[in-house]
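Some notes on the structure that comes next.
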Amino acid sequence: MISVDNISVIHGGHALFSDISFSINPTDKIALMGKNGAGKSTMLKIIAGVSKPSKGGVSAPKDAIIAYLPQHLLTDDNSTVFEETSKAFASYLSLKEEIDRLNEELTVRTDYDSEDYYKIIERVSEVSEKFYSIEEVNYEEEVEKVLLGLGFERADFQRPTSEFSGGWRMRIELAKILLQKPDLILLDEPTNHLDIESIQWLEEFLKEKAKAVVVISHDRAFVDNITNRTIEVTMGRIYDYKAKYSHYLELRKERREQQQKHYEEQQKMIAETQQFIERFKGTYSKTLQVQSRVKMLEKLELVEVDEVDTSALRLRFPPSPRSGKYPVIVEELSKSYGDHVVFKDASMTIERGEKVAFVGKNGEGKSTMIKAIMGEIDYNGKCELGHNSMIGYFAQNQASQLDENLTIFETIDQIAVGEIRSKIKDLLGAFMFKGDDINKKVKVLSGGEKTRLAMIKLLLEPVNLLILDEPTNHLDMRTKDIIKDALKDFDGTLILVSHDRDFLDGLATKVFEFGNKRIKEHFEDINGFLRNKKLENLREVERKQN
């Protein structure tokens, strides 16, 4: 059992949280929830031993292995994927190397009676005992199994890590963590760069094979599928629920209703007491009663209602200019990079008003198809936009195209039209830009903040064909809900590339699956697609067994 004991964190005189304690049991799967800035990532770093609290500490058994996956990674550029992943077995392999080296030394030395010779024998015995006490492992097979599960191809194993994007490097780090078989896995937004199949694989691993897990994630479906306990960080304290995320939401609502009721009762009692004090403070016969009530108010512990976002911002797109009946027509489209074929003879037709999802493993051509639709790459075949198609495009590098010399407020003020102009501050607040933040220059913002700002900008421009490539990676659950509601009401055509099943659920009504150099059309929503996909996989397994 790992214990968090009375930890407090003070930043610039402000307490992020105070005197927090809880225990992590061997089979706990914990979702660490709370709004942005509540201290979730700080809490994870303290448990991992990366940061120290201002007060208190974390205690764990001496031999406990705690593995931590931060949001931002530093992977060695001088290793292959297989070499870097194999570092998970560094201590095991170093013991083996030392045994081999010492045994080699014993075979070439002839000073059998010397003190040095006996020391080598003692060391071999000591290291061997340690080595053979570890469960025998075929580490190459284990590395291979985990890398394939996380979406790597065998051809990737010997490629340098420097050739991979940040998302793929994150998978390498995740593979190293999973291979250590830790007692506790700490994951900070692990799904941001994983495709749907890899997320499903990770879910199964965490449910079936992992011991204790603490995860921060804005992927509601992922959190709901793997957790059995929810710890909410709010207003400097925690609430611990023995419930998964969706049940926690119901319990939290009940808790806040109770708090509100107690708060109102207390406020009524305070008002009545103050009225009594004011009325009788000069009356000699009531002096003791007045003093008693004054002391009671001084000692009274005030009921606090946990912060809950009461703003009811509803984002609406401007009406879409009418496009032709088929905004996107793709026929016999092929694209290769050198010898690598991305897809061959791919065809698809997207009708006006349709909301479709592009899904599939990373590297199967989703972003390439979008570049073809946008006219950014050469290709063979036909890819046409319909009459009067006006595109709004959100790419993962969208943030880099913002004007760095404008403030956050100016960036949005330039393009906001109509009634939304009076709600710019509310809109920015919904995307976590509050108070003095709105006067910050774009050039001082983090990558995540720029992404959110680019998203707001896009959502205010009148278009009839929206193409969004992984739009939810840096957004918290409330902001995602605001965007999802707006997209549901959007009267134009929508193409979504996303791995976030909860975001796609109820939004995309058709799925285009990218894989095996082709595109397959599924006339169903994301849940229907995933159900049928699992059946297909089971049939494939049965065919192989037969």
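The values are calculated or read from the model by the stated rules, or taken from the named source; none is laboratory data. Computed from a prediction, not measured in an experiment: that's the story for all the values here. All Cβ positions, glycine included, derive from the backbone under ideal geometry; neighbour counts span all protein chains shown. Side chains included, ligands, DNA and RNA excluded: accessible areas come from the protein's heavy atoms. Shrake-Rupley method; radii C 1.70, N 1.55, O 1.52, S 1.80 Å.
Can you pick out the pairs among 176/366; 361/457; 176/211 whose Cα atoms lie more than 21 Å from each other? Intermediate values should be presented prior to the final figure.
Numbers: 176/366 27 Å; 361/457 29 Å; 176/211 16 Å.
Table pairs above 21 Å Cα-Cα are 176/366; 361/457.
Using amide H atoms built in the peptide plane, which far-off residues or other-chain residues are under 5 Å from residue 392 H to H?
464, 465, 466, 467
Provide the FRET efficiency to the nearest 0.05 for the residue 260-residue 60 pair, computing r from the beta carbons and using R0 = 30 Å.
Working: r = 38 Å, r/R0 = 1.28.
Result of the calculation: an efficiency of 0.20.
So what does residue 83 come to for accessible area, using a 1.4 Å probe and Å² rounded to 10?
It works out to around 100 Å².
Please work out the Kirkwood hydrodynamic radius for segment 14-55, using every pair of different C-alpha atoms, and report it in angstroms with one decimal place.
Details: mean 1/r = 0.0857 Å⁻¹.
Value: 11.7 Å, from the Cα pair sum.
Multiply the residue gap between residue 267 and residue 509 by 0.36 nm, knock off their C-alpha separation, and tell me the result in nm, one decimal place.
Working: separation 242, 0.36 × 242 = 87.12 nm, distance 4.96 nm.
This chain segment gains 82.2 nm when fully extended.
Taking 30 Å as R0, compute the FRET efficiency from the Cβ-Cβ separation of residue 491 and residue 518 and round it to 0.05. Can you show the working numbers first?
On the way: r = 31 Å, r/R0 = 1.05.
With R0 = 30 Å, the Cβ-Cβ based efficiency is 0.45.
Sequence neighbours fewer than 8 away in the same chain don't count; with that in mind, list the aspartates and glutamates whose C-alpha is under 17 Å from residue 29.
183, 188, 189, 203, 204, 208, 219, 224, 232, 240
Take residue 405 and residue 117, extend 7 Å from each Cα along the Cα→Cβ direction, and tell me the distance between the two endpoints in nm.
In this crude label model, residue 405 to residue 117 measures out at 8.1 nm.
Return the long-range amide H neighbours of residue 303 (sequence gap of 5 or more, or a different chain), with a cut-off of under 5 Å between placed amide H atoms.
none
Counting alpha carbon pairs within less than 8 Å and at least 6 residues apart, what relative contact order, in whole percent, applies to segment 403-531?
19
Full-extension gain between residue 531 and residue 228, please, as 0.36 nm times their residue separation minus the C-alpha to C-alpha distance.
Details: separation 303, 0.36 × 303 = 109.08 nm, distance 2.31 nm.
Difference between extended and current length: 106.8 nm.
How would segment 101-227 be classified by its alpha-carbon gyration tensor: rounded, prolate or oblate, with rounded meaning a/c under 1.5 and the a/b versus b/c comparison settling the rest?
Here segment 101-227 falls in the prolate category.
Which ³J(HN,Hα) values in Hz, rounded to whole numbers, follow from the phi angles of segment 514-524 under the Karplus curve 6.51 cos²θ - 1.76 cosθ + 1.60, where θ = phi - 60° and Gly and Pro get x?
9, x, 6, 6, 9, 10, 10, 8, 10, 8, 7
Taking only C-alpha pairs under 8 Å that are 6+ residues apart, what is the relative contact order of the chain in percent?
Details: 873 pairs, mean separation 80.2, N = 546.
So the answer I get is 15 percent.
Can you list the residues of segment 463-497 with backbone N under 14 Å from a point 7 Å past the Cα of residue 388, pointing along Cα to Cβ?
Answer for this model: 463-465, 492-493.
Kindly identify segment 139-212 as rounded, prolate or oblate by the Cα gyration tensor criterion: order the square roots of the eigenvalues as a ≥ b ≥ c, call it rounded if a/c is under 1.5, otherwise compare a/b with b/c, prolate if a/b is larger, else oblate. Mind dumping the intermediate values first?
Working: a/c = 1.67, a/b = 1.34, b/c = 1.24.
It comes out prolate by the Cα gyration axes.
What ranking do 271-284, 355-368 get when scored by the average of other Cβ atoms within 10 Å per residue, highest first?
Numbers: 271-284: 11.7, 355-368: 21.7.
Top to bottom by mean Cβ count within 10 Å: 355-368, 271-284.
Any chance you could look up the accessible area of residue 120 with a 1.4 Å probe, heavy atoms only, rounded to 10 Å²?
20
Regarding segment 421-509, what's the average projected area of the Cα-atom convex hull, expressed in nm²?
Numbers: hull surface 24.8 nm².
If I average the Cα hull's projected area over directions, I get 6.2 nm².
With an 8 Å Cα cut-off and a minimum separation of 6 or more residues, compute the relative contact order for segment 1-120 in percent. Walk me through the intermediate numbers first.
Working: 97 pairs, mean separation 26.9, N = 120.
Here the relative contact order equals 22 percent.
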